[in-house]
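The values are calculated or read from the model by the stated rules, or taken from the named source; none is laboratory data. Fair warning: this is a prediction, and the values are worked out from it, not measured in the lab. Every residue, glycine as well, gets a Cβ built from its backbone with ideal geometry; the counts of neighbours run over all protein chains shown.
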Amino acid sequence: MKKQKGFTLVEIAIVLVIIGLIIGGILKGQEMIKNAKVKRLVKQGQDLTAAVYFYQDRNKNLPGDANTNGQIGAGAEAQGAITALLNAGFIAGATSGGYLVNALGSTYYIQYYDGTTNPTKAAHWVTYTTVPYDLAQIIDTSYDDGVYNTGAVQASNDYTGTPASVTLYIES
């Protein structure tokens with residue numbers, strides 16, 4: 001009789017189990033990376049908010065508040081707030097266009113919104129530009145109600161994937 005060569009069912013099963021473990025490890029690793037980015041983004045916003053309050057406590061006014069109305073306005077005032085906080089040593093980090101660079105490589109800053117548009121509550125909000133919708137939804141679900149246009153975490157659009165990224169607001 002001729003001896004047949006090949007793999008036994010047990011050998012094939014062992015290989016499939018090993019492949020499954022490798023794929024499972026890769027998927028878990030990707031999830032851990034995503035969770036780390038989410039935590040880092042939120043932490044950056046918390047640090048910025050704390051820096052604003054420390055600055056206000058020390059200087060008796062908000063950083064960048066050129067109008068002295070108790071609000072960090074859009075554009076020049078938001079950029080001025082970042083500059084003042086950097087110069088005072090309350091924050092550190094790279095900047096782009098006058099704003100801080102976040103963990104995703106896009107920008108973030110603090111600004112007052114009057115509640116007539118998104119976000120829907122008059123307050124200072126940490127604004128993150130170009131956040132992938134899936135990460136924005138994780139942040140909203142983890143730290144708030146998961147609805148894009150209500151609560152303490154809001155986004156410029158819903159989390160459906162169109163557009164692929166949103167502007168994310170976290171109330172400070």
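Give region 129-172 a look and list any residue that's among the aliphatic types (A, V, I, L, M) and either loosely packed, with under 14 Cβ neighbours inside 10 Å or in contact (Cβ under 8 Å) with a residue 12 or more places away in the chain (or both), or say none.
Once the filter is applied, which keeps residues that are among the aliphatic types (A, V, I, L, M) and either loosely packed, with under 14 Cβ neighbours inside 10 Å or in contact (Cβ under 8 Å) with a residue 12 or more places away in the chain (or both), region 129-172 yields Val131, Leu135, Ala136, Ile138, Ile139, Ala152, Val153, Ala155, Ala164, Val166, Leu168, Ile170.
Can you list residue pairs whose Cβ atoms sit under 8 Å apart, with the first residue in region 101-128 being part of a loop (DSSP other than H, G, I, E, B) and the second being loosely packed, with under 14 Cβ neighbours inside 10 Å and acidic (Asp, Glu)? Count only pairs 6 or more apart in sequence or on different chains.
Ala122/Asp114
Among the residues that make up region 1-17, is at least one of them closer than 29 Å to Gln137 by Cβ, surrounded by 10 or more Cβ atoms within 10 Å (Cβ to Cβ) and of a type in the set (A, V, I, L, M)?
no
Note down all Cβ pairs under 6 Å where the first residue falls in region 41-55 and is at negative phi, the second is of a type in the set (Ser, Thr, Tyr) and at pLDDT below 95, and they're at least six residues apart or on different chains.
Thr49/Ser172
Would you check if there is a residue in region 157-166 being assigned to a strand (DSSP E or B), under 16 Å from Asn102 (Cβ atoms), modelled with pLDDT of 95 or more and not basic (Lys, Arg)?
no
I'd like to know if region 67-77 contains one or more residues that are part of a helix (DSSP H, G or I), surrounded by 14 or more Cβ atoms within 10 Å (Cβ to Cβ) and under 20 Å from the mean Cα position of the chain (by Cα).
no
If you go through region 132-172, how many residues are among the β-branched types (Val, Ile, Thr) and touching a Ser or Thr at 6+ places or on another chain (Cβ under 6 Å)?
Qualifying residue count for the region: 2.
Take the residues in region 81-100 that are without any contact (Cβ under 8 Å) to a residue 12 or more places away in the chain and not in a loop (DSSP other than H, G, I, E, B), then tell me which one is surrounded by the most Cβ atoms within 10 Å (Cβ to Cβ).
Taking the candidates together, the pick is Leu86.
Could you please find all residues in region 1-47 being in a loop (DSSP other than H, G, I, E, B) and of a type in the set (A, V, I, L, M, F, W, C)?
Matches in region 1-47: Met1, Phe7.
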